[in-house]
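The structure appears right after this line, and notes come after that.
The values are calculated or read from the model by the stated rules, or taken from the named source; none is laboratory data. It should be emphasised that the depicted structure is a prediction, and the values quoted were computed from it without experimental measurement. Quick reminder, even Gly has a Cβ in these numbers, built from the backbone with ideal geometry, and neighbours come from all protein chains shown. What goes into the accessible areas is simple: the full protein's heavy atoms, side chains included, and nothing from ligands, DNA or RNA. Shrake-Rupley method; radii C 1.70, N 1.55, O 1.52, S 1.80 Å.
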Amino acid sequence: MAFAQAIAQSAAPALAPVAPGNTIKIGLIGPFTGPSADFGVPMLNGVKQAVDEINAVGGYLGRQIQLVIKDDQANPDLGLKASQELLADKVVATIGFCNTGVAAKSLEVFQNNKLPLIITCATGSPLTAKYPAPESYIFRTSAKDAIQAPFVVDDIVKRGWTKVAVFADTTGYGAAGLLDVESALASKQLKPVHVARFPLGVANLDEELKAAKAAGANVIFSYTVGAENAVIAKGRKAMGWSVPQVGAWPLSFPFFIDGAKDAADGALMAQTFIAEPSNERRASFLVSYARRNQVKKIPVPMAAAQGYDGVYLLVYSLFGIRDGDLSGPAIKASLENLQRVYYGVVATYERPFSSQDKDALTANMLVMGMVKNGAITFAYPEDAKRNLFVKRKQ
């Protein structure tokens, strides 16, 4: 692919000698089994795809990249244990995390040991805000909820849906997302007319839906990462309550689309990447993913694309180190000062990070997706046209 060729072309000789046959270990952590595997596995596949492309053209100065893979099963305690194991495995950096609560429990492992972490799926706003930006080793290529929530709120206000009921789970993801939604509504001088909180695994939310309807809600903003989104949609349909359901990116997950079936149609959500071959980069990525994994469609395209781009950004940073120093501080400094533009799948990354900003994506990179006939498409035709051009950070 052109991306891998760019890696090969950028490979200037390191000043420090490199022992032949050595590998460079990169950690990969996420929920590859368990309740969040629907987006953990696409992330895993996207990361592997990028690594295989890079290794095929020589890796890093002749050294193959070796993934050290840890399955956190969406469990914070297992995630912490896996993070500590990656430290012991002497990886130079780590990619991953899909669940905000799992990532949050492990951040100190990476920060305290000066081990760069690129979060490629988890979107909880606090993750890249926990440490002062100049000192932080926590980077991210997914769209944090602090930009997703206002993006969706802007859209629903434009549509005239201002009586918002918020349904948020009680995980770290749901708690942080609720705060982001409330803040976005407050910026429009609005408050939720009803707020419902619930644990993961809940099978019935009829009473909460009735309360939201009684409060006069004309839109449901759901913030949960699993099958609970489908519980909301099916409950709403069973009541004969035709209000729209909107949310962050989990409304594009199979748990929602397949679980809610026709009750999911028309749902709106923030997206960084919609799996349509709108340009050469995206077409090549999609064809390669389908061929490698023998699938007709990616279950969660955003997870795959963000993981893929995260690998390339990390490897670009390695090539930016001219003295062969692959220590955590050196990689951190290089990530903050990438000299080469990476033409990625989700975006065109020109200085995606800095000492003051560890989030690669900005609100202008988002589009509004919509569930239609069991798939995600563009909610607005003009977004489909604009998607021909990959956006840059603002």
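Return the sequence-ordered ³J(HN,Hα) values of the range 381-386 in whole Hz as given by the Karplus equation 6.51 cos²θ - 1.76 cosθ + 1.60 applied to θ = phi - 60°, using x for Gly and Pro.
x, 5, 5, 4, 5, 5
Assign one of three labels to the chain, namely rounded, prolate or oblate, based on the Cα gyration tensor with a ≥ b ≥ c the square roots of its eigenvalues; rounded applies when a/c is under 1.5, prolate when it is not and a/b is larger than b/c, and oblate otherwise. Let's see the in-between values first.
Details: a/c = 1.95, a/b = 1.73, b/c = 1.13.
Verdict is prolate for the chain.
By its C-alpha gyration tensor, with a ≥ b ≥ c as the square roots of the eigenvalues, how is the range 143-278 shaped: rounded for a/c under 1.5, else prolate for a/b larger than b/c, else oblate? Provide the component values of the computation, followed by the final result.
On the way: a/c = 1.30, a/b = 1.03, b/c = 1.26.
Rounded is the answer for the range 143-278, as its axis ratio a/c remains below 1.5.
With a 1.4 Å probe and every protein chain left in place, work out the accessible area per residue of the chain in Å², rounded to a whole number.
Numbers: 15160 Å² over 394 residues.
Accessible surface, normalised per residue, equals 38 Å².
Quick one: angle between helix 301-319 and the longest Cα principal axis of the chain, in degrees between 0 and 90, rounded to 10, please.
The two axes meet at around 30 degrees.
May I ask you to derive the relative contact order of the chain, considering only C-alpha pairs under 8 Å and at least 6 residues apart, and to give it as an integer percent?
Working: 816 pairs, mean separation 72.2, N = 394.
For the chain, the relative contact order is 18 percent.
Taking Cα pairs under 8 Å and at least six residues apart, what relative contact order does the range 127-225 come out at, in percent?
Numbers: 117 pairs, mean separation 34.4, N = 99.
Relative contact order comes out at 35 percent.
Would you mind calculating the gained length between Ala363 and Asn112 on full extension (0.36 nm times residue separation, minus the Cα-Cα distance), in nm to one decimal? Don't skip to the end; give the middle numbers.
Numbers: separation 251, 0.36 × 251 = 90.36 nm, distance 3.02 nm.
Extra length available between Ala363 and Asn112 comes to 87.3 nm.
When the chain is modelled as a GNM with alpha-carbon springs shorter than 10 Å, which of Gly174, Gly324, Gly27 fluctuates the most?
It is Gly324.
On the accessible surface of the range 322-394, probed at 1.4 Å, how many percent belong to carbon and sulfur atoms? Can you show the working numbers first?
Numbers: 1760 of 3380 Å².
The C+S portion of the solvent-accessible surface of the range 322-394 is 52 percent.
Between the range 341-394 and the range 142-184, what is the C-alpha centre distance in whole Å?
With the range 341-394 and the range 142-184 each reduced to a Cα centre, they are spaced 18 Å.
Considering only DSSP beta bridges where both residues belong to the chain, give the percentage that are antiparallel (nearest 5). Could you put the intermediate results ahead of the total?
On the way: 12 of 47 bridges.
That works out to approximately 25 percent antiparallel.
Suppose R0 equals 22 Å; then what is the FRET efficiency for Ala88 and Glu135 from their Cβ-Cβ distance, rounded to the nearest 0.05? Spell out each step's value before the answer.
Values: r = 24 Å, r/R0 = 1.07.
Calculated transfer efficiency: 0.40.
Given labels modelled 7 Å from the Cα in the Cβ direction, how far is it in nm from Val341 to Ser288?
Calculated label separation equals 2.0 nm.
Treating the angle as unsigned and between 0 and 90°, give the value, to the nearest 10°, between the Cα long axis of helix 228-239 and the longest Cα principal axis of the chain.
On a 0 to 90 degree scale, this one is about 20.
Round to the nearest 10 and give me the degree value, 0 to 90, for the angle of helix 76-88's Cα axis relative to the longest principal axis of the chain.
10 degrees
Using alpha carbon centroids, what distance separates the range 46-117 and the range 315-335, in Å?
16 Å
Of the candidates Gly247, Gly235, Gly124, which one comes out as most mobile in a Gaussian network treatment of the chain with C-alpha springs shorter than 10 Å?
The residue that fluctuates most here is Gly235.
Under the 0.36 nm per residue contour assumption, what length would be gained going from the current alpha-carbon distance of Asp154 and Ala384 to full extension?
Numbers: separation 230, 0.36 × 230 = 82.80 nm, distance 1.89 nm.
Length gained, Asp154 through Ala384: 80.9 nm.
Given a Förster distance of 30 Å, report the FRET efficiency between Arg197 and Ala238 from their Cβ-Cβ distance, rounded to the nearest 0.05.
Numbers: r = 21 Å, r/R0 = 0.71.
My answer for the efficiency is 0.90.
Determine ³J(HN,Hα), in whole Hz, for all residues of the range 206-212 in sequence, where each value follows from phi through the Karplus function 6.51 cos²θ - 1.76 cosθ + 1.60 and θ = phi - 60°; x replaces Gly and Pro.
4, 5, 5, 5, 4, 5, 5
So how far apart, in nm, are the two label points at Lys296 and Asn204 if each is 7 Å from Cα heading toward Cβ?
The modelled label-to-label distance comes out at 3.6 nm.
Applying a 10 Å radius around every beta-carbon, put 360-369, 273-282 in order of their mean neighbour count, most first.
Working: 360-369: 20.5, 273-282: 19.0.
Ranking, from highest mean packing down: 360-369, 273-282.
Probe radius 1.4 Å, ligands and nucleic acids ignored: give me the carbon and sulfur share of the accessible area of the range 207-296 as a rounded percent. Before the final figure, lay out each step's value.
Values: 1850 of 3500 Å².
Carbon-and-sulfur percentage of accessible area, whole number: 53.
Probe radius 1.4 Å, ligands and nucleic acids ignored: give me the carbon and sulfur share of the accessible area of the range 51-190 as a rounded percent. List each step's numbers first, then the result.
Numbers: 2590 of 5030 Å².
Exposed carbon and sulfur together represent 51 percent of the surface.
What net charge do the residues around Asn45 carry, taking every other residue with its C-beta under 11 Å from that of Asn45, with Lys and Arg at +1 and Asp and Glu at -1? Don't skip to the end; give the middle numbers.
On the way: positive: Lys48, Arg292; negative: Asp52.
Once all neighbours under 11 Å are counted, the net charge is +1.
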